[in-house]
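The values are calculated or read from the model by the stated rules, or taken from the named source; none is laboratory data. Please read all numbers here as calculations on a predicted model, not as lab measurements. Here the Cβ positions follow ideal geometry from the backbone for every residue, glycine too, while neighbour counts run over all protein chains shown.
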Amino acid sequence: MSTTFDQVATIIAETCDIPRDTITPDSHAIDDLGIDSLDFLDIAFAIDKAFGIKLPLEKWTQEVNDGKASTEQYFVLKNLCARIDELVAAKGA
Amino acid sequence: MHIEYFKLIDRILDLKPDEKTITVEATVPTQSTIFEGHFPGHPIMPGVLLIESMAQTSGWLLLALMKFERMPFLAAVKEAKMRGFVTPGEVLTVEASVIHEGSGYAMTEARVKVGGKLRSNASLTFSHFPFPNPELRGHMDAEAKRIGFPQQALLP
């Protein structure tokens, strides 16, 4: 069974045409991979479908804009995957 | 349809919030400055306006699902296909369905038909936000009335 990171990295590679081997757990989706907000909607769509969740993009964006969170908390892939795991666990609780 | 004012939808024929589907109707005008240039001697509805008609149709569906609390804006067009000419005077039936409701965005699939035959289809992505001002909200309320938006669709 593939890890959350493997699934997310594959989604990003296929959605944004980014070489899979350049995507690491420490990659920042925006700063390192150059993914913009519109492309991230496609990624969010694929993640929502793959994991049966709804990534709270609006809440995250608002927190970043309000200075209550850093982009690293949500958009460094290992952190993004941790958030996904939390949402999956919450769904099953 | 008032092309020059971007009013591409004439009336809502069917709106099913539970099924997340909508069907609308629009008649292509027989006269429009658009057709003077697109094209002389061979007037056809521009493909981008067919996409816009699908976007507006999807937009009314999303407005219904969001109870007019947020405004959808077209963000991406995918797999748009123009399968046949649409000419002045033709009556379009435009259908849309929501395929995903995300956080702050939604995706739809839409189709334009004439006489039951598919002329165009597209997959569309929308970002949606709270209405930026009362003026736009008022305009959408007026447009909703013009096209016969069923108010019962907003009931819980």
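Points worth noting:
- Only listed residue being away from chain B (no Cβ under 14 Å), among the charged types (D, E, K, R), without any contact (Cβ under 8 Å) to a residue 24 or more places away in the chain and assigned to a helix (DSSP H, G or I), chosen from A:Asp6, A:Asp48: A:Asp6
- When A:Cys81 is tested against (1) assigned to a helix (DSSP H, G or I); (2) closer than 19 Å to B:Gly104 by Cβ; (3) in contact (Cβ under 8 Å) with a residue 40 or more places away in the chain, only condition (2) is not met.
- Qualifying residue in the range B:26-44 (condition: in contact with a strand residue (DSSP E or B) (Cβ under 9 Å, 6 or more places away or on another chain), surrounded by 14 or more Cβ atoms within 10 Å (Cβ to Cβ) and closer than 15 Å to B:Ser97 by Cα): no
- Top-ranked residue of the range B:82-100 - restricted to ones that are free of Cβ contacts under 8 Å to residues at least 60 places away in the same chain and within 14 Å of chain A (Cβ to nearest Cβ), ranked as nearest to B:Ser127 (Cα to Cα): B:His100
- Where A:Asp39 falls short, out of the listed (1) surrounded by 13 or more Cβ atoms within 10 Å (Cβ to Cβ); (2) over 15 Å from A:Phe5 (Cα atoms); (3) free of Cβ contacts under 8 Å to residues at least 24 places away in the same chain: (3)
- Note on the range A:22-39: residues that are in a helix (DSSP H, G or I) and at pLDDT 95 or above total 1.
- For B:Pro46, the stated conditions hold: it is without any contact (Cβ under 8 Å) to a residue 40 or more places away in the chain and in contact with a helix residue (DSSP H, G or I) (Cβ under 9 Å, 6 or more places away or on another chain).
- Close pairs (9 angstrom Cβ cut-off, 6 or more residues apart or separate chains): among the aromatic types (Phe, Trp, Tyr) in the range B:5-23, surrounded by 14 or more Cβ atoms within 10 Å (Cβ to Cβ) and at pLDDT 95 or above anywhere: B:Phe6/B:Leu49; B:Phe6/B:Glu52; B:Phe6/B:Gln56
- Output for the range B:45-69, where each listed residue is of a type outside the set (A, V, I, L, M, F, W, C), touching a strand residue (DSSP E or B) at 6+ places or on another chain (Cβ under 6 Å) and surrounded by 18 or more Cβ atoms within 10 Å (Cβ to Cβ): B:Ser53, B:Thr57, B:Ser58, B:Gly59
- Test: residue in the range B:29-39 that is among the hydroxyl-bearing types (Ser, Thr, Tyr) and assigned to a helix (DSSP H, G or I): yes
- Single condition A:Ala93 does not satisfy, out of (1) within 14 Å of chain B (Cβ to nearest Cβ); (2) at pLDDT below 95: (1)
- Of all residues in the range A:51-74, those satisfying the criterion of being acidic (Asp, Glu) and either free of Cβ contacts under 8 Å to residues at least 24 places away in the same chain or within 7 Å of chain B (Cβ to nearest Cβ) (or both) are A:Glu58, A:Glu63, A:Asp66.
- In the set B:Gly115, B:Gly138, B:Gly104, only one residue is within 12 Å of chain A (Cβ to nearest Cβ) and either touching a residue at least 12 places away in the same chain (Cβ under 8 Å) or not hydrophobic (A, V, I, L, M, F, W, C) (or both); that residue is B:Gly104.
- Every condition in (1) without any contact (Cβ under 8 Å) to a residue 12 or more places away in the chain; (2) exposed (fewer than 14 other Cβ atoms within 10 Å of the Cβ) holds for B:Glu79 except the one numbered (1).
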